[in-house]
Amino acid sequence: MSSSKHSKVIIIGSGPAAHTAAVYLSRAELQPVLYEGMLANGIAAGGQLTTTTDVENYPGFPGGIGGSELMDAMRTQSERFGTKIISETIEKVDLTSRPFKLWPEYEEEPVTASAVIIATGASARRLGLKGEDKYWQNGISACAVCDGAVPIFRKKPLVVIGGGDSAAEEAMFLAKYGSEVTVLVRKGALRASKTMAKRLLAHPKCKVRFNTVATEVTGEEKANGLMTGLKIKNVETGEEEHMEANGLFYAVGHDPATAMFKGVIDMDSENYILTKPGTSYTNIEGVFAAGDVQDKRYRQAITSAGSGCIAALEAEKYLAEQESEEVTDGPEGDNQASKPVNGDGPEYRSNPLL
Ligand code: FAD
């Protein structure tokens, strides 16, 4: 059970952004409390990396490291400096008055905080194809940048599903490794920007099949067997065929875990939290956002960790300023109505690194 005590800062989430923020805040002796979630948003505590095997692009691990192992190490590091980790999901928040109120699952009384860091992440959309569960991470991936370089894809036919900029970008990235890359587009045209579409269509190793969907992933029947093919269907003619494919990359979007912040925290049309560029500031002073929940472009462990660091440093500064205001103005400082900051601030957008 969580304590109903007030915390200086509460972190919601448990991926690289949340734990990096926790390490910085606990080392700054701010006693952060981190709600890691209990299968929140359908993902285990530790975040998206717990759903993958080897992570080869996180600095410091020249031989790669297992996704869960990396997240266990981050959790241990957060705890080492005094972060209190609570294995509950935050179900509801009230960020409209101070102190901020957060309701952990199964609890009637809210916990309160002077500052909140939202690091609830995102989840890659899946298509629910026949064979998808069996070959997930055994040929199927939702991240070309993360997985494209692994040996099972080298000089092999690969498929990307999606028609937007991400699909085009991922296909051209994968063309470095695969023998050829086929992009399956459900509609008769690409949604990607003109420039990206032109580059993709002209790429010597990429081909686009329009009006085509995948229906089933096929492959080795043994335990942990790899995918080797894909059944596809032309949606106009109904014609079906089986194609050779050793890799299948979904580029059909991600869903940020932001439902409980709707109407209070400013978001873009895809429900990513908007932050002031180059910072973790949301439209509410004292509420910060880090990681994939506010980054629809890079979506990497290292960029999430970097933005977790930014959020921690900004929360620390905010708390110090609050404290000095309280000393000057008396004890009312924490009770004032929330102070939106976007009215006179610069334009907000969903990626602090842009
Ligand atoms: P996430 O990792 O998304 O974690 C957020 C956590 O918050 C989740 O555990 C969720 O349950 C929890 N949460 C959500 N809502 C609540 C709530 N209300 N209360 C409490 N907790 C909540 N990146 C790389 O750099 N290299 C790779 O090799 C790589 N491989 C990947 C492989 C796969 C299969 C996937 C899906 C992603 C991969 N990524 C990789 C991307 C990387 O995992 C993400 O960019 C990164 O994990 C995002 O971190 P985050 O801190 O924003 O949050």
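Listing for the model above:
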{"item": "Segment 1-151: Lys pairs at Cα distance under 19 angstrom, eight or more positions apart or on different chains", "result": "8"}
{"item": "Two-site label geometry, Ile152 and Arg209: point separation in nm, points 7 Å out along Cα→Cβ", "result": "2.1"}
{"item": "Per-residue SASA entry for Asp165, accessible area with 1.4 Å probe, Å² rounded to 10", "result": "70"}
{"item": "Accessible surface of the chain [probe 1.4 Å, protein heavy atoms]: carbon and sulfur percent", "result": "50"}
{"item": "Share antiparallel - DSSP beta bridges, segment 132-250, percent rounded to 5", "result": "45"}
{"item": "Shape call, segment 128-167: gyration tensor on alpha carbons, a/c limit 1.5", "result": "oblate"}
{"item": "Over segment 93-208, relative contact order from alpha-carbon pairs under 8 Å, at least 6 apart, %", "result": "17"}
{"item": "For segment 132-250, average projected area of the Cα convex hull in nm²", "result": "6.7"}
{"item": "Relative contact order (percent, whole number), segment 1-119, Cα cutoff 8 Å, 6+ residue spacing", "result": "35"}
{"item": "Virtual spin-label span in nm between Lys317 and Ile302, 7 Å along Cα→Cβ", "result": "2.5"}
{"item": "Over 26 Å [Cα-Cα, the chain], rounded percent", "result": "53"}
{"item": "FRET efficiency, Lys130 to Asp94 (Cβ-Cβ, R0 35 Å, nearest 0.05)", "result": "0.20"}
{"item": "Relative contact order (%) - the chain, alpha-carbon pairs under 8 angstrom, separation at least six", "result": "19"}
{"item": "Distance violations [Cα-Cα > 27 Å] among Lys176/Lys222; Lys262/Lys296; Lys176/Lys296", "result": "Lys176/Lys222"}
{"item": "Beta bridge orientation in segment 67-208: antiparallel %, DSSP, nearest 5", "result": "45"}
{"item": "Whole-number accessible area per residue in Å² for the chain, which is evaluated in the context of all protein chains at 1.4 Å", "result": "48"}
{"item": "Set of segment 29-52 residues, backbone N closer than 13 Å to the point 7 Å along the Cα-Cβ line of Ser87", "result": "36-40, 44-46"}
{"item": "Beta bridge orientation in the chain: antiparallel %, DSSP, nearest 5", "result": "50"}
{"item": "For segment 249-265, Karplus couplings with θ = phi - 60° (6.51, -1.76, 1.60), whole Hz, Gly/Pro x", "result": "10, 7, 10, 10, x, 10, 10, x, 7, 10, 3, 6, 9, 4, x, 10, 9"}
{"item": "Solitary cysteines of the chain, where the nearest other Cys Cβ is not under 4.7 Å", "result": "Cys206, Cys309"}
{"item": "Cα-projected label distance for Gln137 with Phe173, points at 7 Å along beta-carbon direction, nm", "result": "1.9"}
{"item": "222 nm mean residue ellipticity, helices alone, for the chain (DSSP H n ≥ 4; -39,500 (n - 2.57); rounded to 500)", "result": "-7000 deg cm²/dmol"}
{"item": "Cross-link partners of Lys205 among aspartates and glutamates (Cα-Cα below 20 Å; sequence separation of 8 or more within a chain)", "result": "Asp147, Asp165, Glu169, Glu170, Glu180, Glu244"}
{"item": "Scattering curve values for segment 231-334, log₁₀ I(q)/I(0), Debye with Cα scatterers, q = 0.13, 0.16, 0.22 Å⁻¹", "result": "-0.65, -0.82, -1.13"}
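The values are calculated or read from the model by the stated rules, or taken from the named source; none is laboratory data. This is a predicted model, so every value here is computed, not measured. Cβ sites come from the backbone with ideal geometry, for glycine too, and all protein chains shown count toward neighbours. Only protein heavy atoms, including side chains, enter the accessible area calculation; ligands, DNA and RNA are left aside. Shrake-Rupley method; radii C 1.70, N 1.55, O 1.52, S 1.80 Å.
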